[in-house]
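Remarks on the structure that follows.
The values are calculated or read from the model by the stated rules, or taken from the named source; none is laboratory data. For clarity, every value in this text was computed on a predicted model and none was experimentally measured. Note that each Cβ is placed from the backbone with ideal geometry, even for glycine, and that neighbours are counted across all protein chains shown.
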Amino acid sequence: MYPIYDVCSDNQVGKYIRSGDRPYIDRRWLDESFAEAELVRIINECWHQHRENRPSIGELVLMLRDSVQKNRELLAKGRTKLEDDFAFEKVS
């Protein structure tokens, strides 16, 4: 993820965000592992253009808790990606 380097003041950052721009997150993170992909998904939800569609802190805690639990389950199976888990289930 690249922060908003070219913006200096809070006022400029506010204009940047209100215009719909967001910090860039390299899409390759979606392919690294379940954990990285989940963090990208959660960050994107937190940056939703409409604040009423952003998760509350309670929802965020639950999202992170669920993601950590799923990641632990995948790691216990020797997997790091969710697709690997589905592929394993389909073959069995």
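For (1) out of contact with any Pro (no Cβ under 9 Å at 6 or more places or on another chain); (2) at pLDDT 85 or above; (3) surrounded by 12 or more Cβ atoms within 10 Å (Cβ to Cβ), each residue gets a yes or a no:
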residue	(1), (2), (3)
TYR5	yes, no, no
TYR16	yes, no, yes
ARG51	yes, yes, no
LEU74	yes, yes, yes
PHE88	yes, no, yes
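Could you list, in sequence order, all residues of region 52-67 that are assigned to a loop (DSSP other than H, G, I, E, B) and of a type outside the set (Ser, Thr, Tyr)?
Taking region 52-67 and keeping what is assigned to a loop (DSSP other than H, G, I, E, B), we get 54-56.
Answer for region 52-67, where residues must be assigned to a loop (DSSP other than H, G, I, E, B) and of a type outside the set (Ser, Thr, Tyr): ARG54, PRO55.
Being in a helix (DSSP H, G or I) and without any contact (Cβ under 8 Å) to a residue 40 or more places away in the chain is the filter here, so list the residues in region 33-51 that pass it.
GLU36, GLU38, LEU39, VAL40, ARG41, ILE42, ASN44, GLU45, CYS46, ARG51, listed by residue number.
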